[in-house]
Amino acid sequence: MKIRVPLGIVTAVMMILAVMVLPVSAVTTPQDVETTANIATGGGNVPIVLCKWEADTTASWEDGDPTHALPGSQFLPPVTYEAKKPIQYFAVVFDHEDNGNVNVVAWDVYHPQDDWVPAEYRESGPLGDGFKYQVMGTKITNKTASVALFQRAMNAGLLTIDEDFNATTILTQYLEKGTAALWVGTADIDYQQPAGNYRVEANAIDFNNNWAVPLENTFLYVPVAAFELDFNTVNYGSVNINTHKWVAGDVDFGTADWPTIRNIGNTHLQVTVQQDDMGLGESLSGWNVQWDARLGNDDANTKVYKPFEAVTLPNPLELCDIDELDFSIQVFKGTTGEKTGTMTLGAVVADGIPT
């Protein structure tokens, strides 16, 4: 049995089928997209230092502020004689022609300019502007590692960012997409380098010899008063009642019978002293013993003190200096025989130095 279908219905069905297959045809049809490029002719665009930061090699990246309570980086000195502290310098760099693959990235580092800082540091460098050294950078080629390092610095509050950008943009539009690169360089600070704010300029040069506008910040080398002694005993020897007796030191570090102190911190310091009464006790007129101490052999710097009285010697022990410590005893009343006690030596940052 044959069924005749009106022509209009057939036409309608065909039109519906045509509409149903059109989207498939539209997706698979090749589309032309215009491309453009401008070949640089010895000029090109200036590279940009998007952000920068500094870190030490401790677990916190800044041992002077391990909880990251303050913005920027704070570092402690090693407080070990002739030791060095490595500092890592980071910068994220972008260039229109080279992305982050520029020719040179480097950091210029300058000494603190505080008044107490010795002139040999404040006026160092060929221009006498306190220049310390230039650190050359190496590009980190692993994008995943670069992103992780940036995020760590961002979370710790270490970043200094170009005013035309922000951390989110640098992360998502540049580092994660590989259109900028992270560079790093490492250099040491010596144990006796003066405490204070070190100025750091990050520079970049592309392959057309275009220089970026330097991005500048500072890191703090935290003032720490620290010293080392070549003795652990002060022997006053045989002492007569009501006789003022001195025990002298020397400036030859390593002679234990002649007390010597050397500065191993990064600031001028003042020595603090406290002693007990060595068991000599008190009488109605006061303590039965009295002490003196001085740094160096100038009588003007002598400090007289009673048992259990903490005193600060007036003259400073300057950066990386060595000097003698002299001590005296005067017994007013006491029984014969050996007496023993404890002397506590400490240090504070010298007067007039910011802390």
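The values are calculated or read from the model by the stated rules, or taken from the named source; none is laboratory data. As the structure is a computational prediction, the values presented were derived from the model and not from experiment. Glycine also receives a Cβ, built like all others from the backbone with ideal geometry; neighbour counts cover every protein chain displayed. Remember, those area values only see protein heavy atoms, side chains included, never the ligands or the DNA or RNA. Shrake-Rupley method; radii C 1.70, N 1.55, O 1.52, S 1.80 Å.
Collect the residues in the range 56-99 that are in a strand (DSSP E or B) and acidic (Asp, Glu), keeping them in residue-number order.
Initially, the range 56-99 is screened for residues in a strand (DSSP E or B), giving 74-75, 84-95, 99.
Residue satisfying the conditions is Asp95 alone.
Can you tell me how many residues within the range 295-309 are closer than 28 Å to Gly196 by Cα and either of a type in the set (A, V, I, L, M, F, W, C) or open to solvent by 30 Å² or more (accessible area, probe 1.4 Å) (or both)? It would help to see each step written out before you state the result.
Step one: list which residues in the range 295-309 are closer than 28 Å to Gly196 by Cα, which gives 295-296, 301.
Then drop every residue that is not either of a type in the set (A, V, I, L, M, F, W, C) or open to solvent by 30 Å² or more (accessible area, probe 1.4 Å) (or both), which leaves 295, 301.
So the count comes out to 2.
Testing His111 on (1) touching a residue at least 40 places away in the same chain (Cβ under 8 Å); (2) farther than 18 Å from Gln193 by Cα, one condition comes back false. Which one is that?
If we test His111 against (1) touching a residue at least 40 places away in the same chain (Cβ under 8 Å); (2) farther than 18 Å from Gln193 by Cα, just (2) comes out false.
Tally time: how many residues in the range 307-327 are aromatic (Phe, Trp, Tyr) and free of Cβ contacts under 8 Å to residues at least 60 places away in the same chain? It would help to see each step written out before you state the result.
So the first thing to find is which residues in the range 307-327 are aromatic (Phe, Trp, Tyr), and the list is 308, 327.
Now restrict to residues that are free of Cβ contacts under 8 Å to residues at least 60 places away in the same chain: 308.
Residues meeting the conditions: 1.
So, Thr186, is that one closer than 29 Å to Gly72 by Cα, touching a Pro at 6+ places or on another chain (Cβ under 8 Å), surrounded by fewer than 17 Cβ atoms within 10 Å (Cβ to Cβ) and of a type in the set (S, T, N, Q) or not? Before you say what the answer is, go through the steps one by one.
Numbers: closer than 29 Å to Gly72 by Cα: yes; touching a Pro at 6+ places or on another chain (Cβ under 8 Å): yes; surrounded by fewer than 17 Cβ atoms within 10 Å (Cβ to Cβ): yes; of a type in the set (S, T, N, Q): yes.
For Thr186, the condition - closer than 29 Å to Gly72 by Cα, touching a Pro at 6+ places or on another chain (Cβ under 8 Å), surrounded by fewer than 17 Cβ atoms within 10 Å (Cβ to Cβ) and of a type in the set (S, T, N, Q) - is met.
Would you check if there is a residue in the range 205-216 being in contact (Cβ under 8 Å) with a residue 60 or more places away in the chain, part of a strand (DSSP E or B) and either surrounded by 14 or more Cβ atoms within 10 Å (Cβ to Cβ) or assigned by the TED database to the domain that holds Pro316 (or both)?
Checked the range 205-216: at least one residue is in contact (Cβ under 8 Å) with a residue 60 or more places away in the chain, part of a strand (DSSP E or B) and either surrounded by 14 or more Cβ atoms within 10 Å (Cβ to Cβ) or assigned by the TED database to the domain that holds Pro316 (or both).
Go through (1) in contact (Cβ under 8 Å) with a residue 12 or more places away in the chain; (2) part of a loop (DSSP other than H, G, I, E, B) one by one and return the number of the condition Gly237 breaks.
Single failed check for Gly237: (1).
So which of Val102, Val147 is assigned to a loop (DSSP other than H, G, I, E, B), in contact (Cβ under 8 Å) with a residue 24 or more places away in the chain and more than 21 Å from the chain's Cα centre (by Cα)? So that I can check it myself, show each step before the final result.
Values: Val147 fails: assigned to a loop (DSSP other than H, G, I, E, B).
None of the other options fit; the residue is Val102.
Just to be sure, is Gln192 open to solvent by less than 40 Å² (accessible area, probe 1.4 Å) and either assigned to a loop (DSSP other than H, G, I, E, B) or not assigned by the TED database to the domain that holds Pro66 (or both)? Break it down stepwise before answering.
Values: open to solvent by less than 40 Å² (accessible area, probe 1.4 Å): yes; either assigned to a loop (DSSP other than H, G, I, E, B) or not assigned by the TED database to the domain that holds Pro66 (or both): yes.
Taking the combined requirement at face value, the residue satisfies it.
Only one of these conditions is not met by Leu158: (1) in contact with a helix residue (DSSP H, G or I) (Cβ under 8 Å, 6 or more places away or on another chain); (2) open to solvent by less than 40 Å² (accessible area, probe 1.4 Å); (3) under 30 Å from His96 (Cβ atoms). Which number is it?
All conditions are met except number (1).
Conditions (1) loosely packed, with under 13 Cβ neighbours inside 10 Å; (2) over 30 Å from Glu318 (Cβ atoms); (3) not assigned by the TED database to the domain that holds Glu62; (4) not β-branched (Val, Ile, Thr), marked per residue:
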| position | (1), (2), (3), (4) |
| --- | --- |
| Pro126 | yes, no, no, yes |
| Asp129 | no, no, no, yes |
| Val147 | no, yes, no, no |
| Phe150 | no, yes, no, yes |
